[in-house]
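Below you'll find the structure, written out as structure tokens, and then a few comments.
The values are calculated or read from the model by the stated rules, or taken from the named source; none is laboratory data. As the structure is a computational prediction, the values presented were derived from the model and not from experiment. With ideal geometry, Cβ positions are generated from the backbone for all residues, glycine too; neighbour counts draw on all protein chains shown.
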């Protein structure tokens, strides 16, 4: 098993030994910790640690981390220490029954045959005080084998818990309206936004906060942003209405970036999926150094370009924009110069000079209606698809966990959800699947990587 070489991998276990917090471990500190917490590291590592500290009388984090590489016992202990701190939500320095239930809930999607919280508490609580100290928690994997986990399992658990903590700390949400349905090519596709706003206006509480909560790209900002107003005629047939849509997307990307920079969590509602590319660009603009993953929940793959599109409708192109994927090998069109110029601008709308995402950081949910050029892209980049049947069979929590497992290397996740009247879940399947779909999105948002 390979162990990460990052120096922060062992911060938790280093801090356990660095009892005075001076950034160094002394020989006295090592002996004190080993005497009071005998199981903190494996027997074979104890003398090696004494030898390391004995060379210079003390050791700093960087040298400690270099020494710890490849010592799986230390990696496990460090990971457990960090997991303990994430679960200890009240900062008491011990885990109560409720906090153990949180641990088991985070483990549930990936682990079978988990013990009940009562049994886990009984197995770990060596001193009988009905709570678990950090010393007792470090024996998690030795407590009569009630839980069997690998180092990789622990790392996944740590990330999941960190995501829970991050999600629970978000208190401010910005609703960003992108009033444009031109990408769909069908008049009326954007009317759902108006219906949502009308419903919200009926609620007194929402009416009171709507002025500060909802940020709009006003209709007058981009005249003719609705297909019903602009009509079907377009001078750019391989990226229909790209001139108008590009203007909307510039503003949308700026709004999303501004929301993030002000500490808000943007939820974007739009008339069609074409402008999702601007949301992705806005996230990347606000976080240029961070790696962004995408969960795409839709019946369609939406990874066409002006070179491959059969229809020219831009709601089939947002992921090709975000990833700067032209797929010219499968070209069936010769786009005009205006289309090519604006298309290239949109692909680098984030301002970083590089695409907003790489296709290896994309996962599809419920995609089933694809076309040959898209299929070739999906196969070439090994883009996974969680089917509707998978969601129905395993439930939204496991489906969302599979998304997070695939995106384990990213820093942020964008969740793109198809319009509510889409055919991701067919109407004949009834409201149960609609609820499953909402639960899936909620699960992913709660577990958002950050």
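Pairs meeting the criteria (first residue in the stretch 288-308 and without any contact (Cβ under 8 Å) to a residue 60 or more places away in the chain, second residue in a loop (DSSP other than H, G, I, E, B), beta carbons under 6 Å, at least 6 apart or on different chains) are 305/326; 305/327. With a requirement of 1 or more residues that are more than 28 Å from residue 161 (Cα to Cα) and modelled with pLDDT under 80, the helices (runs of 4 or more DSSP H) lying completely within the stretch 27-84 that satisfy it span 27-36, 43-56.
For (1) outside the structural domain of residue 399 (by TED's automatic domain parsing); (2) over 18 Å from residue 359 (Cα atoms); (3) in a helix (DSSP H, G or I), each residue gets a yes or a no:
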{"site": "250", "(1), (2), (3)": "no, yes, yes"}
{"site": "258", "(1), (2), (3)": "no, yes, yes"}
{"site": "274", "(1), (2), (3)": "no, no, yes"}
{"site": "284", "(1), (2), (3)": "no, no, yes"}
{"site": "293", "(1), (2), (3)": "no, no, no"}
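Scanning the stretch 93-128 for residues being in a loop (DSSP other than H, G, I, E, B), without any contact (Cβ under 8 Å) to a residue 24 or more places away in the chain and exposed (fewer than 13 other Cβ atoms within 10 Å of the Cβ) gives a total of 6.
Which of the residues belonging to the stretch 108-122 are in contact with a helix residue (DSSP H, G or I) (Cβ under 9 Å, 6 or more places away or on another chain) and at pLDDT 80 or above?
First, the residues of the stretch 108-122 that are in contact with a helix residue (DSSP H, G or I) (Cβ under 9 Å, 6 or more places away or on another chain): 108-111, 114-118, 120-121.
Passing the criteria: 115, 116, 117, 118, 120, 121.
Of all the helices (runs of 4 or more DSSP H) wholly in the stretch 352-438, which have at least 1 residues that are over 28 Å from residue 289 (Cβ atoms), at pLDDT 90 or above and touching a helix residue (DSSP H, G or I) at 6+ places or on another chain (Cβ under 8 Å)? The qualifying helices (runs of 4 or more DSSP H) are 372-380. Of all the criteria given as (1) modelled with pLDDT under 95; (2) under 17 Å from residue 343 (Cα atoms); (3) touching a strand residue (DSSP E or B) at 6+ places or on another chain (Cβ under 8 Å), the one not satisfied by residue 323 is (1). For first residues located in the stretch 49-78 and assigned by TED's automatic domain parsing to the domain that holds residue 155 and farther than 27 Å from residue 139 by Cβ, partners that are in a helix (DSSP H, G or I) and modelled with pLDDT under 75 and lie 6+ apart or on another chain with Cβ distances below 8 Å form the pairs 62/7. Pairs are defined by a Cβ separation below 8 Å, a sequence spacing of at least 6 or placement on different chains, a first member in the stretch 10-24 that is assigned by TED's automatic domain parsing to the domain that holds residue 82, and a second member that is in a loop (DSSP other than H, G, I, E, B) and at pLDDT below 75; the pairs so defined are 13/40; 13/41; 16/37; 16/40.
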